[in-house]
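Each remark here refers to the structure printed beneath this line.
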C-alpha cells in the first residue's frame, strides 16, 4: 500500500466553503484568502456537537412517533393521527406508492439517520479503523436522504390550511408534529456539524 | 505546491498532474468529487435565475390547491400553508416551512442574480464573499422538491374523501423546483471563483473596474 499523505501533514487546509487549498500559517484560527470563511484543520468540537444533536433528536424521536401529529374533526367522528397511522390510512386508501413513500421518508429515514450517525460518532470516539469506507458511504447516504423527512411536515401544513370547513371538517395540528419536525431539523444539523475528515483520520497514521 | 489538491471530505492530498485533465475528478480514497470543470457560462445561470424568479412570483401570487366539499370551495396559497401552523399556535413550524419552501429559494435566486449580473459585466460587487458563503450555508435548507412531494401526498390524502385540484401556483412551483435544481447544479462552489477570475479583475476591497479579461 502506498503511503497516504494528508493535507494536514503537508500543512495545507481546504476551505470548506470555496474549496480553495490554503497553506496553514501558524495560528489555527484564520480565514480563507478567497472567500473569507473561517479556516480550520478539523471543525472544532465537531464530534461533541454532533453527538449532542443526535442524542437530543433520539430522545424526541419517541414523542414524534407516539404523540398524534394531527386531529381530524368531522361531523360524526373525531380522530387522532400519528405518523404511523397516517401511513396506514394511506395504505388502506389503496395509494400504495404514496404510502410507501411516506413510510420511507417519515419512518425509515429518521431512524436510519439516528442509527447511522450514532454508529459513526461512536466508532470515531473509539478509534475504530475498519469499515471506514462503508461508514463514509453511509454518511453520504444520510446526508442525501435527510431532507426528505420534511415531507410529512409540508403535507401537514397543506392539510391544516385546506381542511378548515367549520361545519364539515377541520384538521388541527397536535404536538407530535413539533417533535417530529424537531427530529428532522436536529438530525440535519448533526450531519452538517459532522466533519467527514474525522472518519479517515484513524486510517491515516501521520 | 500549486499542483496539490486536498480532498475536502477525507483530507487526502492528490498531485494534480497525476489526475490528468478530466472533467470530473474524484478522490482516490473516499470518492468525493474533488472538482468538476464546467464549460457553462454565467449567462446560463442568469437566465435560469431569471426564469426561477418569474416562476417564484407566480407560485406565490396564485392559489396552490383547491378543495371542494358540498359545493363550497376552499383554496390555499404557499404562504397560507405556512401560516396555518402559526394560526394554530405552532409558530416555529410556520417559520420552518416558510424558510425552507419560500425564503431560501428566493434568497438563492436573488443572490445569484446579484452576484452574476455585475460579474458578467466585469464589475466586482459589494458583499460578494459574505453572499457566497451564505449561498453555501443555505444550500441544504432549500427544500422545494420536498415541498412539492409533500403537496402530492396531501392531495392524495384528501382525494379519498373530497374533490381536490391543483392550481396554477402548484404547477409554477413544480417548474420552479426544476429551475432551482438546475441553477444550483450549474454553480458548484469553485465554478463561481473560476468565473470571478475570468470576468472580473478587481482589487479585494471591491473597487469597480471595467475590465474584461476574456481571451
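What follows draws every value from the coordinates through simple rules; no lab data is involved. No experiment lies behind these values; they were computed from the predicted model shown. As a convention, Cβ positions derive from the backbone with ideal geometry for all residues, glycine included, and neighbour counts pool all protein chains shown.
Note on residue A:145 and residue A:23: with the Förster distance fixed at 30 Å, the Cβ-Cβ geometry gives a FRET efficiency of about 0.25.
All alpha carbon pair distances within chain A were sorted into 10 Å bins beginning at 0; the resulting P(r) in whole percents reads 8, 27, 26, 18, 12, 7, 2, 0. Just so you know, the averaged projected area of the alpha carbon convex hull for segment B:26-163 sits at 12.6 nm². Dimensions of segment A:1-41 along the principal axes, based on C-alpha atoms and rounded to the nearest Å, stand at 37, 21, 11, largest first. Distance between the 7 Å Cα→Cβ label points at residue A:9 and residue A:111: 4.2 nm. With Cα atoms defining each centre, segment A:158-201 and segment A:50-75 are spaced 9 Å apart in the structure.
Rounded, prolate or oblate for segment A:63-115? Axes are the square roots of the Cα gyration tensor eigenvalues, ordered a ≥ b ≥ c, and the cut-off for rounded is a/c under 1.5. Note, shape of segment A:63-115 comes out oblate.
As a length-normalised measure over Cα pairs under 8 Å and 6 or more apart, the relative contact order of chain B settles at 25 percent. Taken over segment A:98-159, the ratio of Cα radius of gyration to 2.2 N^0.38 Å equals 1.36. Does anyone have the angle between helix B:42-61 and the longest principal axis of chain B? Alpha-carbon axes, 0 to 90°, nearest 10? With both axes taken from Cα atoms, the answer is about 20 degrees. Residue B:159 to residue B:117: FRET efficiency via 1/(1 + (r/R0)^6), r the Cβ-Cβ distance, R0 30 Å, to the nearest 0.05? Efficiency for this residue pair is about 0.10.
Each stretch of four or more DSSP H residues adds -39500 (n - 2.57); spread over every residue of chain A, this sum gives -16500 deg cm²/dmol at 222 nm.
When all alpha-carbon pairs of the protein assembly as shown are counted, what percent fall beyond 27 Å? The share of Cα pairs beyond 27 Å in the protein assembly as shown comes to 58 percent.
So what is the relative contact order of chain A, in percent, for Cα pairs below 8 Å that sit 6 or more residues apart? For chain A, the relative contact order is 30 percent.
With the biggest extent put first, the Cα atoms of segment A:114-206 measure 71, 19, 17 Å across the principal axes. Averaging the sequence gap over all C-alpha pairs within less than 8 Å and six or more residues apart, then dividing by the number of residues, gives segment A:1-41 a relative contact order of 34 percent.
Counting Cβ atoms of other protein chains within 10 Å of each residue's Cβ and taking the mean over peptide A:137-143 gives 1. On the beta carbon distance between residue B:57 and residue B:193, with R0 = 35 Å, the FRET formula returns roughly 0.70.
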